[in-house]
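Visitor: Pasting a structure here, questions to come.
The values are calculated or read from the model by the stated rules, or taken from the named source; none is laboratory data. Everything quoted here is computed from the prediction, not taken from an experiment. Cβ: placed from backbone, ideal geometry, glycine included. Neighbour counts: every protein chain shown.
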Amino acid sequence: DDDADIASIARGFIDAACDTIEAKGPGGWQLLRSIGPDQEISAISKDFRGQLVQPWLVPLRELTRLDDAEAQALADMILTGAGEILQRWIDGEFSREQVATLLGRIILAVLSEFTE
């Protein structure tokens, strides 16, 4: 069932992000989202984001049947959106369970569009 596969992929990403933030603190996650005038920090952040989504690209391409560039763009969009929601958890606005539920629903909705 595609929805179960999507939910499993999404939950794996969400749990990995939350576990890392809980273990290491939010600084790395916030640096990961850095885009700004410091070209060096932006380049490091972009490279790290690429490394973060790399393991998800093959399952994402298989699930969505997108080409490499489109799958990368979709992964980047999901990561950026996830960052906004995870920041709300870091700031104490959402619980971890709220983050997992909300992100899971959003990711499932987006990826389900490609499997219909």
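Visitor: Of all residues in the stretch 77-90, which are under 18 Å from Gly12 (Cβ atoms), within 10 Å of the chain's Cα centre (by Cα) and not aliphatic (A, V, I, L, M)?
Guide: The answer is Gly81, Gly83.
Visitor: Still on this structure, please answer the following. Restricting to the stretch 53-108, give me the number of residues that are among the acidic types (Asp, Glu) and within 20 Å of Gly27 (Cβ to Cβ).
Guide: Filtering the stretch 53-108 for residues among the acidic types (Asp, Glu) gives 62, 67-68, 70, 76, 84, 91, 93, 97.
Then drop every residue that is not within 20 Å of Gly27 (Cβ to Cβ), which leaves 84, 91, 93.
Residues flagged as among the acidic types (Asp, Glu) and within 20 Å of Gly27 (Cβ to Cβ) within the stretch 53-108 amount to 3.
Visitor: Now, a different point. Mind checking which residues of the stretch 91-112 are surrounded by 15 or more Cβ atoms within 10 Å (Cβ to Cβ), more than 13 Å from the chain's Cα centre (by Cα) and in a helix (DSSP H, G or I)?
Guide: Let us first name the residues in the stretch 91-112 that are surrounded by 15 or more Cβ atoms within 10 Å (Cβ to Cβ), namely 94, 96, 99-100, 102-104, 106-108, 110-111.
Then keep just the ones that are more than 13 Å from the chain's Cα centre (by Cα); that gives 94, 96.
If the condition is that a residue be surrounded by 15 or more Cβ atoms within 10 Å (Cβ to Cβ), more than 13 Å from the chain's Cα centre (by Cα) and in a helix (DSSP H, G or I), then Arg96 is the only one that fits.
This table checks each residue for (1) closer than 18 Å to Gln72 by Cα; (2) at pLDDT below 85; (3) buried (at least 16 other Cβ atoms within 10 Å of the Cβ).
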{"position": "Ala7", "(1), (2), (3)": "no, yes, yes"}
{"position": "Ala10", "(1), (2), (3)": "yes, yes, yes"}
{"position": "Asp15", "(1), (2), (3)": "no, no, no"}
{"position": "Leu32", "(1), (2), (3)": "yes, yes, yes"}
{"position": "Gly36", "(1), (2), (3)": "no, yes, no"}
{"position": "Lys46", "(1), (2), (3)": "yes, yes, no"}
{"position": "Gly50", "(1), (2), (3)": "yes, yes, no"}
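Visitor: On to the next question. Would you call Leu74 among the hydrophobic types (A, V, I, L, M, F, W, C), assigned to a helix (DSSP H, G or I), within 16 Å of the chain's Cα centre (by Cα) and modelled with pLDDT under 85?
Guide: Criteria not met by Leu74.
Visitor: Residues of the stretch 17-30 being assigned to a helix (DSSP H, G or I), of a type outside the set (A, V, I, L, M, F, W, C) and exposed (fewer than 14 other Cβ atoms within 10 Å of the Cβ), which ones? Steps first, please.
Guide: Step one: filter the stretch 17-30 for residues assigned to a helix (DSSP H, G or I), giving 17-24, 27-30.
Of the ones still in play, those that are also of a type outside the set (A, V, I, L, M, F, W, C) are 19-20, 22, 24, 27-28, 30.
Hits for the stretch 17-30 are Asp19, Glu22, Lys24, Gly27, Gly28.
Visitor: Please work out if Gln54 is farther than 13 Å from Phe13 by Cα and either in contact with a helix residue (DSSP H, G or I) (Cβ under 6 Å, 6 or more places away or on another chain) or in a helix (DSSP H, G or I) (or both).
Guide: Values: farther than 13 Å from Phe13 by Cα: no; either in contact with a helix residue (DSSP H, G or I) (Cβ under 6 Å, 6 or more places away or on another chain) or in a helix (DSSP H, G or I) (or both): yes.
Here the answer is no, as Gln54 does not meet what is asked.
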